[in-house]
Amino acid sequence: MKETAIIDPRRFPETQKQVLEDLFGVEWFLSPPRKRHPAYQRWILCNELLSRDAQIRLPDDQQHLREITQLVLDNYTLVQATGGSLVPFELGSLANYGDERVRRRLKSVIREPTQFLDVLTELSYAAWHKSRGHRVRAFESEGLPDFEVYIDGLSLPLVADCKRVRNSTTERRFRKLVEKANKQIKNLGKPCYGLAVIDISEKVQNLQDQSSGMPQEVAGICAILEQSLRQLYTSVSGVLVTWGDNILVPMTDGSGGLLCFARQHSQLLLHKTPKRKLPDHQDPFLVAHTVMLKVLPS
């Protein structure tokens, strides 16, 4: 099932900046500067756009469209995960995702540049399930997976451990991610379906239209991960690979504008001999987000 959000180009810099400030606090962005942190870089982008009345200028800003739509896609799922409002676009409370111990865990790791994107992947997948009416319970302890999901019709909970890989991630590192997810799911010590959720968007960040099928870059990474799912790591029932792409479509109204789509795709890789096999019906596990931004020439 796909879900689409349409962005108001006149208000999005203000609303996206507000989501970041609600999550981190305004003071965090002001002192000291945190130039390496992805959230700070996104905050600066919003300020730049606000300084020119939220105008995206073509063709000068075309190179930033992917960054802009990815920002909105991530913030969209933050709003969902925290029980916020999509109209108006406002962050909710982390209390809607987990208890005080979970909130302390998230608050401590989102300030680390290398862990912030992992948190976004966790909250994004949790938000997807919450939007489907599934019950999500987050874990707070180190050494455990991120959360478990109760889905009507499944005899066991789905337990997810989420990571967003970097552009420099090696083949060996992908196997280590599956190994770590397996260990943390096993540490939980309860019957469940185990899922390693790996977002490879940064690794394949230059993808465009995928209408011809799965891109070669994604297929190559899936092949590496499938090698880990034959005999080893049997607490992992499967790996959900997620990634994004961008499509720019010229508007047909003669304005010279563009429709910019940022989409999140997923592919489920099943373990050959897991302790607990995932049900054949895979729709409850797959993710398909789309955000659309309408951009007019300045």
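The values are calculated or read from the model by the stated rules, or taken from the named source; none is laboratory data. As the structure is a prediction and not an experimental result, all values here were calculated from the model. As a convention, Cβ positions derive from the backbone with ideal geometry for all residues, glycine included, and neighbour counts pool all protein chains shown.
With a requirement of 3 or more residues that are small (Gly, Ala, Ser) and crowded, with 16+ Cβ neighbours inside 10 Å, the helices (runs of 4 or more DSSP H) lying completely within segment 36-137 that satisfy it span 113-131.
Out of segment 154-167, which residues are modelled with pLDDT of 90 or more and out of contact with any helix residue (DSSP H, G or I) (no Cβ under 9 Å at 6 or more places or on another chain)? Passing the criteria: LEU154, SER155, LEU156, PRO157. Taken as a whole, segment 98-108 holds at least one residue that is out of contact with any strand residue (DSSP E or B) (no Cβ under 7 Å at 6 or more places or on another chain), of a type in the set (S, T, N, Q) and at pLDDT 80 or above. Screening the candidates ALA196, ALA262 for the property of being within 18 Å of the chain's Cα centre (by Cα), small (Gly, Ala, Ser) and at pLDDT 95 or above yields one hit, ALA196. Checked against (1) over 21 Å from GLU140 (Cα atoms); (2) in contact with a helix residue (DSSP H, G or I) (Cβ under 8 Å, 6 or more places away or on another chain); (3) modelled with pLDDT of 85 or more, VAL26 passes all but condition (2). Screening ILE247 on (1) part of a loop (DSSP other than H, G, I, E, B); (2) in contact with a strand residue (DSSP E or B) (Cβ under 6 Å, 6 or more places away or on another chain); (3) surrounded by fewer than 21 Cβ atoms within 10 Å (Cβ to Cβ); (4) touching a residue at least 24 places away in the same chain (Cβ under 8 Å) shows it passes everything except condition (1).
For segment 34-56, a tally of residues being touching a residue at least 40 places away in the same chain (Cβ under 8 Å) and more than 19 Å from ARG11 (Cβ to Cβ) returns 5.
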